[in-house]
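As structure tokens, the structure follows; a few thoughts come after it.
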2 protein chains.
Amino acid sequence: MTQINAERLLADMRALARFGACGTGVDRVSYSEADQASRRWLRDRMTEAGLTARIDRVGNVAGISARADRAVVIGSHTDSVPRGGWLDGAMGVIYGLEITRSRIEQGLDRTLGVDVVSFQDEEGTYLSCLGSRAFCSDLSDADMARASGPGGETLNAAITRANYGGSVWVRDPQRHKAYLEAHIEQGPRLEAAGLRLGVVTGIVGIRRFRITCGGQADHAGTTPIALRRDAARPLIHLAHWVHTEVATLGGADTVWNVGMMMVRPGAANVVPSESEMVVEFRDTSLEILDRIEQGLLAQVHAMDGRAGVTVKAQSIASSLPTLMDARLVTLGDEVACALGEPSMRMVSGAGHDAMIVGRVLPSVMLFVPSIGGRSHDIVENTTDTDIVLGCQALAALVTRIEGLDL
Amino acid sequence: MTQINAERLLADMRALARFGACGTGVDRVSYSEADQASRRWLRDRMTEAGLTARIDRVGNVAGISARADRAVVIGSHTDSVPRGGWLDGAMGVIYGLEITRSRIEQGLDRTLGVDVVSFQDEEGTYLSCLGSRAFCSDLSDADMARASGPGGETLNAAITRANYGGSVWVRDPQRHKAYLEAHIEQGPRLEAAGLRLGVVTGIVGIRRFRITCGGQADHAGTTPIALRRDAARPLIHLAHWVHTEVATLGGADTVWNVGMMMVRPGAANVVPSESEMVVEFRDTSLEILDRIEQGLLAQVHAMDGRAGVTVKAQSIASSLPTLMDARLVTLGDEVACALGEPSMRMVSGAGHDAMIVGRVLPSVMLFVPSIGGRSHDIVENTTDTDIVLGCQALAALVTRIEGLDL
């Protein structure tokens, strides 16, 4: 059983948070000076811990536990959104560092290695989950060539600028048994339930559509309803459909959002000539995602052209759901229980590197609570005791995996 | 039977349209240089026609047919919206000039005078229907003191700047028998029906509400539906209610509009924290207006506070409907019929000076078609033959009123 050093864990997390410090949070977008400096710092900590560490060509910081033939990978990302929180990604990386360091100290690293990684650009400043995609060889030269970031800089220009060199660190099927990622929940469910550990059963797929309607502007007093080509009316009908019908087509964990609505020209006394909204829905079941998409598009199709108004739907984002490994989910529950903390099984409504890695390696995520459900903001936080608990649970999970034939 | 001079009518209309000419339309907002110059021109045409003409203190141009004790008032307004049409208001004023001029020439002005007026600021650049409100003594000093226009200039400053002087021309109950206003329809109904003359039975009242909802922004992936305070959801429900239920609460001529909708912060993956829309509805029946308002406010009340979202409605405009005089409406039908043109009875969905004057004098409006239903735009137009027809109908209506005890 690995004993982690809680004070060292917290000290390393606070040291990392000084790179790009921004109030109580961090501004450490990928390929920024702060991001590059934090990666060099992390590589040096890995080397100190006894790992064979390097920064790969795209910026992934990888620390290899060299004395074992087989290893689990523990990691997440150290890049942030602009003015982001200090825990989002960073916590999961330092968990890996602390667990592998403790295992080396305690002589457990011959039984099963823990390779640690900070993936590059999970937040998508240039290309969402760049580092984990590269690790999984799930990235073409064309994908890379298309991507660009702040100020229009291309991803390839940013890679050249950072000049890490060498090759990309890729998954080794003979070596890597599993991928484990701990993260703050970024939502309110653990806090609402009074629980401290979440075990993620799957990461949702996302479908996002832009709906646009085109009609004709007219005087809203002098134009009879029957002669109008009101572009707001079908949009309102569709938005109402989303909020009343998606629940019946989806499952218990399905979420949806009408996050953007706009009507033009936007005057009280002018019949709208154009309208637009963005609808998204998320679930871990492809079948549910397909069913909702079909329902929505059938509505759009049925309304298109009615009363002289065009109604069009355009897919603007689509990602596949990823299920976590069922055996690892069960082990997650068991280690939580053994620590005296009943776990909550939950889906992750946000994307993570585990969404990518989970397609090629048995994976699981552990969540700790987000205070007030807040993240992607400098106020993001979790109590120190929950940070330590999460690391203890993850260390215990590695111990359970030692004997497992994955 | 008054014979009007069609060429002179059209020539005067084109002469007036040169003041503030703007492409095929006019930009002649009240108290602008173009507006002031056009009023002096109009006063001089009235004087030439044999009327006792003056510009009153607020800018109403009034021409009195001095040889009769009793008179009908014919008029409308010569101010325009910015980049407006050449007919909106102006046509009705020049109709009055041509009819009274023809009656004087034909010696009919002793039987029944026709006083002509161009009311000031019907379009509300400073204060909607300012001139007709002043004429009806329906305007307090406080109303005037509150009003302001372009660049923040107060109405009282504009009046001082224009420096017309004198008193306000007010309704004379002993003299004035009726008010007649001709106007372009500003809508598509006559054109759609293939008819050339509309007789207005009433001018709608307008109720306008701003609905605002306040919730909380959250991650749209990680926040379960049940834990959201989604500010868009009740707004969408209410907008849908408007488009499905107002028709059942209203009558055949009720119109409504959701002309403005907005959701903040407006991102696909963020649960909306605020939302806003503007709803209006119009009808000539107070009972219907009250019924719809009660229905809407009951919905707002029922939703307020549900799922942690505040829902508020604020009345931002309310005007009373005005019914036209039933005897004059019947006469309007008769003169149209006598000209071989079956009329369409219709409500006016837009406000007019007759909405104000109709509350204190028996009034009626005649409409001619708007090409393509367009107005409040420089493309606004009507055929010359329809312009002439409308003036002939109005002249015939004056003849019918001669013998009428109103």
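The values are calculated or read from the model by the stated rules, or taken from the named source; none is laboratory data. Because the structure is a prediction, the values reported are computed rather than measured. Glycine gets a Cβ as well: all are built from the backbone with ideal geometry, and neighbour counts include every protein chain shown.
Data overview
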{"read-out": "Flag if residue A:348 is closer than 18 Å to residue A:179 by Cα and within 14 Å of chain B (Cβ to nearest Cβ)", "value": "yes"}
{"read-out": "From the options B:15, B:62, residue that is in contact with a Phe, Trp or Tyr (Cβ under 8 Å, 6 or more places away or on another chain), of a type outside the set (Asp, Glu) and surrounded by fewer than 19 Cβ atoms within 10 Å (Cβ to Cβ)", "value": "B:15"}
{"read-out": "Any pair with Cβ under 8 angstrom, 6 or more apart, that starts in the stretch B:354-368 at a residue that is assigned by TED's automatic domain parsing to the domain that holds residue B:186 and ends at one that is part of a strand (DSSP E or B) and modelled with pLDDT under 95", "value": "B:355/B:319"}
{"read-out": "Selected residue (only one of B:335, B:311 is crowded, with 21+ Cβ neighbours inside 10 Å, more than 9 Å from every other protein chain (Cβ to nearest Cβ), of a type outside the set (S, T, N, Q) and more than 30 Å from residue A:350 (Cβ to Cβ))", "value": "B:335"}
{"read-out": "Of all residues making up the stretch B:188-243, the number that are within 26 Å of the chain's Cα centre (by Cα), assigned to a loop (DSSP other than H, G, I, E, B) and more than 9 Å from every other protein chain (Cβ to nearest Cβ)", "value": "3"}
{"read-out": "Residue among B:84, B:50, B:25 that is farther than 28 Å from residue B:325 by Cα, surrounded by fewer than 18 Cβ atoms within 10 Å (Cβ to Cβ) and touching a residue at least 40 places away in the same chain (Cβ under 8 Å)", "value": "B:50"}
{"read-out": "Residue pairs meeting the criteria (Cβ under 9 Å; at least 6 apart or on separate chains; first more than 7 Å from chain B (Cβ to nearest Cβ), in the stretch A:248-272; second among the basic types (Lys, Arg))", "value": "A:249/A:291; A:250/A:291; A:253/A:282; A:254/A:282; A:256/A:282"}
{"read-out": "Condition met for residue A:175 (within 9 Å of chain B (Cβ to nearest Cβ), among the basic types (Lys, Arg) and farther than 30 Å from residue B:375 by Cα)", "value": "no"}
{"read-out": "Single residue of the stretch A:306-345 satisfying the filter (touching an Asp or Glu at 6+ places or on another chain (Cβ under 8 Å), outside any loop (DSSP other than H, G, I, E, B) and aliphatic (A, V, I, L, M)) that is farthest from residue A:170 (Cα to Cα)", "value": "A:307"}
{"read-out": "Count of the stretch B:338-375 residues which are surrounded by fewer than 21 Cβ atoms within 10 Å (Cβ to Cβ) and at pLDDT below 95", "value": "2"}
